[in-house]
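Take a look at the structure set out below.
Rule-based calculations on the coordinates, nothing more; no lab input. Owing to the predicted nature of the structure, the values given are computational and were not obtained by experimental measurement. Backbone-built Cβ (ideal geometry, glycine too); neighbour counts: all protein chains shown.
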Amino acid sequence: MYNPQLNAQGQLQHLLSIEGLPKRILTDILDAAENFVGVAEREIKKVPLLRGKTVCNLFFENSTRTRTTFEIAAKRLSADVLNLNVSTSSQSKGETILDTVNNLIAMHADMFVVRHQQSGAAHFIAQHVPPHISVINAGDGRHAHPTQGLLDMFTIRKYKPEMHNLRVAIVGDVLHSRVARSEIHALATLGVPEIRVIAPRTLLPAEVEKLGVQVYHNMDQGLKDVDVIMMLRLQNERMSGALLPSTQEFFQTFGLTPERLTLARPDAIVMHPGPMNRGVEIDSSVADGKQSVILPQVTYGIAVRMAVMAILGGGNAA
Amino acid sequence: MYNPQLNAQGQLQHLLSIEGLPKRILTDILDAAENFVGVAEREIKKVPLLRGKTVCNLFFENSTRTRTTFEIAAKRLSADVLNLNVSTSSQSKGETILDTVNNLIAMHADMFVVRHQQSGAAHFIAQHVPPHISVINAGDGRHAHPTQGLLDMFTIRKYKPEMHNLRVAIVGDVLHSRVARSEIHALATLGVPEIRVIAPRTLLPAEVEKLGVQVYHNMDQGLKDVDVIMMLRLQNERMSGALLPSTQEFFQTFGLTPERLTLARPDAIVMHPGPMNRGVEIDSSVADGKQSVILPQVTYGIAVRMAVMAILGGGNAA
Amino acid sequence: MYNPQLNAQGQLQHLLSIEGLPKRILTDILDAAENFVGVAEREIKKVPLLRGKTVCNLFFENSTRTRTTFEIAAKRLSADVLNLNVSTSSQSKGETILDTVNNLIAMHADMFVVRHQQSGAAHFIAQHVPPHISVINAGDGRHAHPTQGLLDMFTIRKYKPEMHNLRVAIVGDVLHSRVARSEIHALATLGVPEIRVIAPRTLLPAEVEKLGVQVYHNMDQGLKDVDVIMMLRLQNERMSGALLPSTQEFFQTFGLTPERLTLARPDAIVMHPGPMNRGVEIDSSVADGKQSVILPQVTYGIAVRMAVMAILGGGNAA
């Protein structure tokens, strides 16, 4: 089957979504990221792997948080980084996305980190660039945000290396989540035998069971004996919508409280992609508690992004 | 005659406009740019010519596209780059342009890349800086955008080295173009014997013939047997104005279509400064066709900007 | 007494305000800055002291001018610099300041330069970071802007090394000034025997005399025989307020004119933190005159910021 992320030699050319990534490549990225965790702990947090390369953060939608993680990763690889907020410039002058991209390629850009409000934007760009250019999807509509999925897998593997023995619960707004679908695929690919989703009916996609997950509408039942709790962010724009009665009621029914956490295994870890809505999907004492690995997720996110960029840029030794 | 761009030794201190540049300096810049074309094709696209220098992109008007080209050029020369969007800060606090510039000089800035909506802004700044500081005009009102003119000359020389044998047509909104006037001067300086302008009467400056060009109001006649077609961008703000009936009608009369292109010489090249309005001044199949050198213009634009910065910064070997 | 700026060994961990800094540390910073003045005069204006470190400009309030000074200083120390304009991103997504900071620490940020419209913001962040992270206050509400205070002390010491012999006047809107209070403390700490404040009653804080200053409401009397005149900026937002009759009247009563300047000692220096309101608090001929050290203040500001960052980052030799 044609895979738009791989080149003719079966190597990763673009990172567009976790779906469709063979287990071999998924594992290669996670293994490479192990090396980059160490780079951030050195006195001089820099390696020369992308020296003289130009990385373009091509953001059609503003996201300081995501842009920052890629900017840090690229700079620690010694790349030159260009931040392009396209919504406010060329696009308003009527230039097409492809003209913008082709101009940057003509300037010898090497890598694009693309954020766009529309699903498929990064795929579209990847289809049109020459073989020596790489595209990383940094979030496209509701579709995918693969480095988030990868850093979650990395974090789980760090804390729970025996992945074929795990029970994982994904909790919250699965319907609108950029990452939930990717997580499910990645967990299955890496051999996790039991994946649960816990959500109200209104925040679940149709036929979610077909992805091979167990569906719970009751938080207490869903959390029972799990090893990993992956909380999802409740998007602000949903909060006042018709899908939810109120954020207070959401917290009462699906918020992760210290009491509910005791239903999981005693050594269960708690994850969240950030930014958190404290008191909406997660209680502050859980977010900051000893089972939380939310900040390690951020740390590993830099290592995973460095690994992806290094692999796409042609080198992967730290 | 006093030339504000040259220092007491007759060397280039500022790049403000192509008008007034002696042929010797024009040729020096184009020759230096030849070396920098190669830098962008290296594995590590960096040379240390401006290492430890501070280049300020001083933009009083937003232009991500232009800023990006200078930022890439400066970073590949190893300079430290500061992006200053002045419209939103000091200016609104009532500080004068000269106070802003003098502050940056006091911080030991070495070079200013200036973009301003008013004609003459870069000249004004250049008049007030000390001899070790250089100013590059990156577009001032309708007046000048000299690096665009230079990269166009570089591109023509690359594809048509026998410039004393060329027939060149400049097509479109000559009246409002930042570059058309500079192009005419540069082409004449470099020895191009026949320069045509093709435009409706409403988009031509008064007495344009005095610049030594042949004027055509008919596209088919104007394109006949030319070697180089330089399309101009139709500014969005003109499109709905009284000067033009409609963009469709403009395309029918002055748009570059594949049929019209056949009127030029078979090996004629097509140029456009970007961003293009596809279907307004140029047909997509021409823009992307085999005679188009629009993307090479962008590539050469980086080399030319590196050459200008290197010369102003005191070194020009790549 | 507990000092939030010093670590357990009595070394500077954060720079939050000049108040509370022992004379020893104040002098150490000024002495270190002497070395960095020379760095900016070198052919290659860079030293590797912060190579591989990540400095975050965390600006909750826009200030291109202040951000620029820290960005230049950090880049000349070879740090990687991240510019984060937080008002427009995570904060609007409901994330707390501490979550933002903790995320950046998880990404191995080393230093935060914090600008916030609320007094105490930098202190608040400093209280919550681990011992290997440093916070620099780049302006919090009306409270403090310590690098401005330090560069003023550096400038005075440069021009008037015998500080125990000086008469210094601080003129203008003392009430709303971020720096006036710090200046008074710093001048007293460094042994200046006579400190005057000159202002209308409406622009003076209550009980200002308790700080050990002499209060003048008459400009001519206050300037008599002073060695140093420190003008304050009249904030735009005050100009149309009830506290002032008009900017013209302010200039007539408290503006620094060439005539008034003659009342001070013939070798008196004139200072201003910028951006200046020419014709409001200071006459242009004075601002640009031979007694003005306003641009040297800007130059020394880079050196002082380099010194602070180098000391906080663990090295201080230039």
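Structure summary
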{"quantity": "Packing-based exposure ordering (other Cβ within 10 Å, fewest first) of A:Ser292, B:Ser78", "calculated": "B:Ser78, A:Ser292"}
{"quantity": "Exposed-site-free run, longest, chain A (rule: trypsin sites (Lys or Arg not before Pro); DSSP loop; at most 16 other C-beta within 10 Å)", "calculated": "A:52-223"}
{"quantity": "Cα→Cβ-extended label distance, 7 Å offset, between A:Ala8 and A:His164, nm", "calculated": "3.7 nm"}
{"quantity": "Of every Cα-Cα pair in chain A, the percent that sits beyond 36 Å", "calculated": "18 percent"}
{"quantity": "Antiparallel content of DSSP bridges confined to region A:11-159, in %, to 5", "calculated": "5 percent"}
{"quantity": "Minimum Cβ-to-axis distance in chain C for the rotation onto chain A, with residue, whole Å", "calculated": "C:Asn83, 5"}
{"quantity": "Partner aspartates and glutamates for C:Lys23 [C-alpha distance under 14 Å; skip if fewer than 8 residues away on the same chain]", "calculated": "C:Asp31, C:Glu183"}
{"quantity": "Longest site-free stretch - chain B; sites: GluC sites (Glu not before Pro), DSSP loop, at most 11 other Cβ within 10 Å", "calculated": "B:44-161"}
{"quantity": "Which of C:Met219, C:Met309, A:Met231 has the fewest Cβ neighbours within 10 Å, and the rest in rising order", "calculated": "C:Met219, A:Met231, C:Met309"}
{"quantity": "FRET efficiency estimate (nearest 0.05) - Cβ-Cβ, A:Glu259 to A:Lys290, R0 22 angstrom", "calculated": "0.90"}
{"quantity": "Amide H partners (placed H, <5 Å) of C:Asp173, local residues excluded", "calculated": "C:Leu232"}
{"quantity": "On Cα atoms only, tilt of C:146-159 relative to the major axis of chain C in degrees", "calculated": "60 degrees"}
{"quantity": "Nearest 10 degrees, 0 to 90: helix C:294-312 Cα axis against chain C principal axis", "calculated": "30 degrees"}
{"quantity": "Region A:46-119 versus region B:237-309: alpha-carbon centroid distance in Å", "calculated": "26 Å"}
{"quantity": "Greater than 19 Å apart at Cα, pairs in C:Lys53/C:Lys158; A:Lys75/B:Lys46; C:Lys46/C:Lys75", "calculated": "C:Lys53/C:Lys158"}
{"quantity": "Residue exposure sequence - A:Val215, A:Val174 - by fewest surrounding Cβ within 10 Å", "calculated": "A:Val215, A:Val174"}
{"quantity": "Across the identical copies, how the C:Gln235 labels are spaced - nm, sorted shortest first, 7 Å along Cα→Cβ", "calculated": "3.9, 3.9"}
{"quantity": "10 Å Cβ neighbours from other chains, averaged over peptide C:67-75", "calculated": "4"}
{"quantity": "Positive minus negative residues near A:Lys160 (Lys, Arg vs Asp, Glu; Cβ under 14 Å)", "calculated": "-2"}
{"quantity": "Zone of A:His217's modelled label, taken as backbone nitrogen in region A:166-188 under 19 Å from a point 7 Å along Cα→Cβ", "calculated": "A:170-176"}
{"quantity": "Fraction of beta bridges assigned by DSSP in the protein assembly as shown that are antiparallel (%, nearest 5)", "calculated": "5 percent"}
{"quantity": "Using a 7 Å Cα-to-Cβ projection, C:Gln221 label spacings across copies, nm, ascending", "calculated": "8.5, 8.5"}
{"quantity": "Spherically averaged projected area of the protein assembly as shown from its Cα convex hull (nm²)", "calculated": "42.8 nm²"}
{"quantity": "Largest-first ellipsoid semi-axes for region A:147-293, taking √(5λ) over the Cα gyration tensor eigenvalues, angstrom", "calculated": "22, 18, 14"}
{"quantity": "Copy-to-copy label separations for A:Pro266, where each label sits 7 Å from Cα toward Cβ, in nm and ascending", "calculated": "8.7, 8.7"}
{"quantity": "Cross-link reach list, aspartates and glutamates versus B:Lys224, counting only Cα pairs under 15 Å and skipping chain neighbours closer than eight places", "calculated": "B:Glu194, B:Glu259, B:Asp267"}
{"quantity": "Förster radius 56 Å - calculated FRET efficiency between B:Asp267 and C:Glu41, Cβ distance, rounded to 0.05", "calculated": "0.55"}
{"quantity": "Rounded to 10°, Cα long-axis angle of helix A:97-106 versus longest principal axis of chain A", "calculated": "50 degrees"}
